[in-house]
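Read the structure below first, then the notes.
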Amino acid sequence: MSGQRLKIRLARQTLWVCVALLSFSFAETYARTIEDVDDPGVMLERVRRIVEEIRAASYPEIKGVPIEVKLFDSSSDYFQTRFTGASFLFRKNLRYTLRVNRKLFARGAPEEAVRAIIAHELAHIVYFESRRRLRLLCLVRLASKDFTVRFERSTDLQAIANGYAEGLKSYRQWLYRQVTVKKLEEKKRNYFSPEEIDAILLRLREEPDLLRLWRKTPPRSLQEVGRNAKGKLQ
């Protein structure tokens, strides 16, 4: 009996040692993951990798275009893309900066969502690259709400056409939980909501040529997505 009890005691001690080792390993891995999320160098490298993957897969026309990834702080914006003033004024070819909120991954943005919104940002660069310098001066109109809506929704459509609809839906669902009520209204006005994206996909399956029309005049609501456009397509 004493031998049997000794075996049981040893088995229990072995079990507790295993549990302790597993707990330590999990805690160490968790701490390292949190550190990686907050580490600027790790984050920048992760975003650069995604940018290059999306560029190679969906935007070969901007292969070789200089894109620098930087971090910034904001309570409501998570991505910004712009060409540099110096390259606009003094260089033959434009250079671009893609700015990413340093809290993006710490706040749990899904991978699919990040890839889709980067596809949206790269679509901006495609737009800039296809315009002459003087025409880019019209971007001062981004101060206008009406122009911003058309500009951003048209860019959404480019990302949707390249296969990132589900990711955009995921990004917007995540984003809506991060911003204030006032900012939420602005985001829903300027960009397609998940419901609008679903409606767009349905309409495009029925009438693929709508995309060409919408790129010029993007729908601003669910009602406009569902509006009959057959006359305009002819």
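Here, each number is a calculation from the coordinates, and none is a lab measurement. Bear in mind that the values here come from a model prediction, so they are computed numbers and not experimental data. Every residue, glycine among them, receives a Cβ derived from its backbone with ideal geometry; neighbour counts consider all protein chains shown.
At a glance:
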{"read-out": "Residue-by-residue Karplus 3J(HN,Hα) for the stretch 158-169, coefficients 6.51, -1.76, 1.60, Hz, glycine and proline x", "value": "5, 5, 4, 4, 8, x, 10, 4, 4, x, 5, 4"}
{"read-out": "Reachable aspartates and glutamates, given that their alpha-carbon falls under 19 Å from the alpha-carbon of K183 and they are not under 8 places away in the same chain", "value": "D73, D77, D146, E152, D156, E195, E196"}
{"read-out": "Estimated distance in nm for a label pair at L71 and V42, the labels positioned 7 Å out from Cα along Cα-to-Cβ", "value": "1.1"}
{"read-out": "Ranked list, fewest to most other Cβ atoms within 10 Å of each Cβ, for V47, V126", "value": "V126, V47"}
{"read-out": "22 Å Cα-Cα threshold exceeded, pairs from K70/K188; K63/K187; K70/K169; K188/K216; K92/K145", "value": "K70/K188; K63/K187; K70/K169; K92/K145"}
